[in-house]
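Here is the structure we will look at.
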Amino acid sequence: MTLSNGINSGVCPEMIGDSPAFKNINELISKVSATDSTVLILGESGTGKELIAKTIHLKSSRCKKPFIPVNCGAIPMDLLESELFGHERGAFTGAIAARAGRFELADGGTIFLDEIAEMPAILQVKLLRVLQERSFERVGGVKTVQTDTRIMAATNKDLEQEVKAGRFREDLFYRLNVIPVNIPPLRQRKEDILALCSFFVRKHADRFGRQPVTFSDEAVNIFMNYEWPGNVRELENTIERLLVLKDDNVVTPFDLPERMTGKKIPELPSIIDDEDANPFVAGIDLNSAIEEYEKRLILHALELNNGVKSQAAKYLNLNRTTLIEKMKRLGI
């Protein structure tokens, strides 16, 4: 079965489709883009929150100015303030020169604060002031810096629950939640799966300089019935993997990842089940067999969680640091 060629131009690929959910989001993007209002984008991981923010920016009057993304969960807490607001020379050990922060770099444009729920309380206060007064001071500075920056934020957490739990300021929540944009997970707009597949097949076929693939009816059924816990990001990764590994141009169920076809976790190394092997003669290297199985389990966990180490570690009931150490030892 050949996938549809339908692409909706002028929107980010994560919002390609004709489902009611897609149409509602696309209409909201158009309305929001015409304003300077603060936007809070809500949705699961992999739904394309940053691309939604970038689309709003590119459709706005600020499109010729910078779009500056900041992942609040990826920057260490002791560095995040300096990253956002800059610092003066000598503000802390290693600050050998003054440095502009992301808010200054985004002046006239848009700053996108991803994983806003991970922002520590002390910085929530400073961000609240920026939203209220459009000004701030660099770390170690006394001069007030004015900023003309549109703020968009995103999270995959329920911020109202975070407020109730005391982890997020209520006043900041209401300042950010001027225009909420809720991105539905892919499992709630399955009508768009085939159009998204078409887009990603052409995108990566062009990238790799190869012919696009087609899908057997059985493979299409699996794509349509799969729940896509990693959302559109997982779908794109799956398509890219198929284009890299497929020698021919027809995708069948045998080409799909185990998580989609419902196969069990990786089997033990074949030497243990090999009827032709005589352990009493050749022997079994127990340490090598255990390492091989451990490696397969880790690779399986990473595949299930789209390469996100923290989620793979949780799946394996390990600490993230323990998983990373094992990956280094096993050469993963």
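The values are calculated or read from the model by the stated rules, or taken from the named source; none is laboratory data. Treat the numbers as computed from the prediction; the structure is a model and nothing was measured. Here the Cβ is made from the backbone with ideal geometry for all residues, glycine too, and neighbour counts use every protein chain on show.
For the range 282-332, which positions are among the aromatic types (F, W, Y) and crowded, with 18+ Cβ neighbours inside 10 Å?
Matches in the range 282-332: none.
So, in the range 213-229, how many residues would count as being surrounded by fewer than 16 Cβ atoms within 10 Å (Cβ to Cβ) and of a type outside the set (A, V, I, L, M)?
Within the range 213-229, residues that are surrounded by fewer than 16 Cβ atoms within 10 Å (Cβ to Cβ) and of a type outside the set (A, V, I, L, M) number 7.
Looking at the range 101-116, I want the residues that are closer than 16 Å to M77 by Cβ and have a partner that is of a type in the set (D, E, K, R) with Cβ atoms under 8 Å, at least 6 apart or on another chain. Which pairs are those?
Within 8 Å, the pairs are G101/E83; G101/R138; R102/E83; D114/K49; D114/E50.
Out of the residues in the range 52-70 that are of a type in the set (A, V, I, L, M, F, W, C) and surrounded by fewer than 16 Cβ atoms within 10 Å (Cβ to Cβ), state the one that is farthest from the chain's Cα centre (by Cα).
This residue is C63.
Would you check if there is a residue in the range 132-143 being assigned to a helix (DSSP H, G or I), closer than 19 Å to L172 by Cα and under 26 Å from the mean Cα position of the chain (by Cα)?
Taking every residue of the range 132-143 in turn, none turns out to be assigned to a helix (DSSP H, G or I), closer than 19 Å to L172 by Cα and under 26 Å from the mean Cα position of the chain (by Cα).
How many residues does the range 195-224 hold that are out of contact with any helix residue (DSSP H, G or I) (no Cβ under 7 Å at 6 or more places or on another chain), assigned to a helix (DSSP H, G or I) and over 26 Å from L42 (Cβ atoms)?
Of the residues in the range 195-224, 8 are out of contact with any helix residue (DSSP H, G or I) (no Cβ under 7 Å at 6 or more places or on another chain), assigned to a helix (DSSP H, G or I) and over 26 Å from L42 (Cβ atoms).
Taking the condition part of a loop (DSSP other than H, G, I, E, B), surrounded by fewer than 16 Cβ atoms within 10 Å (Cβ to Cβ) and under 21 Å from the mean Cα position of the chain (by Cα), does A74 pass?
Criteria met by A74.
For the range 29-47, check the following and say yes or no: at least one residue is at pLDDT below 90, over 21 Å from R233 (Cβ atoms), out of contact with any Lys or Arg (no Cβ under 6 Å at 6 or more places or on another chain) and part of a helix (DSSP H, G or I).
Checked the range 29-47: no residue is at pLDDT below 90, over 21 Å from R233 (Cβ atoms), out of contact with any Lys or Arg (no Cβ under 6 Å at 6 or more places or on another chain) and part of a helix (DSSP H, G or I).
Just checking, which of F173, F112, F168 is modelled with pLDDT of 95 or more, on the phi < 0 side of the Ramachandran plot, of a type outside the set (D, E, K, R) and in a loop (DSSP other than H, G, I, E, B)?
F168 is the lone residue from the list that is modelled with pLDDT of 95 or more, on the phi < 0 side of the Ramachandran plot, of a type outside the set (D, E, K, R) and in a loop (DSSP other than H, G, I, E, B).
Under the condition of being in contact with a strand residue (DSSP E or B) (Cβ under 9 Å, 6 or more places away or on another chain) and in a loop (DSSP other than H, G, I, E, B), which residue from the range 77-96 is surrounded by the fewest Cβ atoms within 10 Å (Cβ to Cβ)?
R89
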